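Here is the structure we will look at, set down as structure tokens.
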Amino acid sequence: MGAKSYLDLKREVWDTGRCSGCGACVAVCPADALIFDEGEMVVSPKSSGYCKQATDDVTCGACYDSCPRTTDQPAETFGEYLGLFTAKAAFEVPHRQSGGAVTSILTNALDEGLIDAVVTVTEDRWTLKPSSVVITKSDVLMQQAGSRYSWWVPLLAALKNAVVQRKFKRIAVVGVPCAIQAVARIRKSENDLLKPYAKAIRLTIGLFCTETFDYSLLIQNKLRTHYKLEPHEIRKLNVRGKLDVLKQDGSTTIVPLAELDTCIRTGCHYCTDFTAVYSDISAGAIGSPSGSTTLIVRTGTGKGFVDSAVRNRKLEVSPGVDTAAIEKLATAKIRKNTKK
């Protein structure tokens, strides 16, 4: 059987509501034929109608081969790892979400020349609207620390800019589990069209994730309308079995997750990966004291980046992770989203 086209992807993933919205297919399409519209609850990409394979019978399959929802979901809570630490930046990181450990690792990597670009999420500090971006300087990365991954953005769409247009060769990708799954598929694929991306990605950092929310529905229909919260009043969001909204004045508003069901992206209901088991390093606030980050170091590559940051006194690590807390949320996600 030949390679599958976007028509197969549409039938199997987009039309069934399984699309994670990671943006991998948008990035790797050689015809630039796939795009995500902006707007409320955009559940999948759309096609211009031109596909090299479907239209011209030219073997491609890049979009299908990079999609994280064309294969079974992982069933592990922790996955394999080499080390487990509670960590924090050894320097002040403004706007940090927890311990600033991810920013510390990436800042050190940029300064040391271990990577030349970071594909990550940034946000408008006034509206909190997220977007995918390519960052090449540590000072810019510092300014964007604490960007929120609670709200959906097709993160990997920025890979095309990083790999094809700007031709970076040592890229770090920071993203939620679905994006990390897509990168893992790209790295392992024998598809020649995906190999330039695979060769260019040096490091993946996966972020703990229960689900992601639609920006418009969460901001306009829930936080602004029901809780009278303006985006610029919000300093930080944490999902820990509930949504904690920390305001700029220091007060906290708690939103039960049951109230946010309509704001969760449809594709999230198919994800069973809480700790991003296919990453080089996984990171999240769960399992560590307030002000620290849990790091799950999974690969030799991940260990090398962490060791470098520690050696250069940019990262502090210690034992003492509460594995039970992580297991509890990871197991709950698997149980909730495993289809019987």
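The values are calculated or read from the model by the stated rules, or taken from the named source; none is laboratory data. Every value quoted in this text rests on a predicted model; they were computed, and no experiment measured them. Neighbour counts run over all protein chains shown; Cβ positions are idealised from the backbone, glycine included.
The residues of the range 36-54 that are surrounded by fewer than 13 Cβ atoms within 10 Å (Cβ to Cβ), at negative phi and touching a residue at least 24 places away in the same chain (Cβ under 8 Å) amount to a single one, 40.
Only one entry in 286, 281, 264 is touching a helix residue (DSSP H, G or I) at 6+ places or on another chain (Cβ under 9 Å) and either polar (S, T, N, Q) or under 18 Å from residue 184 (Cα atoms) (or both), namely 281.
Is it fair to say residue 64 is in a loop (DSSP other than H, G, I, E, B) and over 18 Å from the mean Cα position of the chain (by Cα)? No.
Applying the condition of being free of Cβ contacts under 8 Å to residues at least 40 places away in the same chain and in a loop (DSSP other than H, G, I, E, B) to the range 158-194 and asking which residue is nearest to residue 305 (Cα to Cα) yields 167.
Kindly indicate whether any position in the range 208-220 is under 27 Å from residue 91 (Cβ atoms), touching a residue at least 60 places away in the same chain (Cβ under 8 Å), touching a helix residue (DSSP H, G or I) at 6+ places or on another chain (Cβ under 7 Å) and not in a helix (DSSP H, G or I). Yes: the range 208-220 contains one or more residues that are under 27 Å from residue 91 (Cβ atoms), touching a residue at least 60 places away in the same chain (Cβ under 8 Å), touching a helix residue (DSSP H, G or I) at 6+ places or on another chain (Cβ under 7 Å) and not in a helix (DSSP H, G or I).
Contact annotation: residue pairs with Cβ atoms under 8 Å, 6 or more positions apart or on different chains, pairing a residue in the range 103-127 that is at negative phi with a partner that is of a type in the set (Ser, Thr, Tyr) and in a helix (DSSP H, G or I), are 106/138; 107/138; 108/308; 109/308; 110/138; 111/138; 112/308; 114/308. Restrict the check to the range 82-90 and report whether at least one residue is assigned by TED's automatic domain parsing to the domain that holds residue 134, surrounded by 21 or more Cβ atoms within 10 Å (Cβ to Cβ), at pLDDT below 95 and among the small types (Gly, Ala, Ser). The answer is yes; a qualifying residue exists. Being modelled with pLDDT under 90, outside any loop (DSSP other than H, G, I, E, B) and of a type outside the set (Ser, Thr, Tyr) is the requirement here; does residue 202 meet it? Judged against the criteria, residue 202 is not a match.
Here is a yes/no grid of residues against (1) within 19 Å of the chain's Cα centre (by Cα); (2) of a type in the set (A, V, I, L, M):
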| site | (1), (2) |
| --- | --- |
| 187 | yes, no |
| 197 | yes, no |
| 207 | yes, yes |
| 213 | yes, no |
| 224 | no, no |
| 233 | no, no |
| 253 | no, no |
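Restricting the range 95-107 to residues that are within 24 Å of residue 202 (Cα to Cα) and in contact with a Ser or Thr (Cβ under 6 Å, 6 or more places away or on another chain), the residue that is modelled with the lowest pLDDT is 99. From the list 72, 57, 32, 37, the lone residue that is closer than 24 Å to residue 208 by Cβ and charged (D, E, K, R) is 72.
Output the residues belonging to the range 305-322 that are crowded, with 16+ Cβ neighbours inside 10 Å and part of a helix (DSSP H, G or I). Hits for the range 305-322 are 305, 306, 308, 309, 310. Limited to the range 39-59, what total is found for residues that are small (Gly, Ala, Ser), within 30 Å of residue 220 (Cβ to Cβ) and in a loop (DSSP other than H, G, I, E, B)? The qualifying residues number 3.
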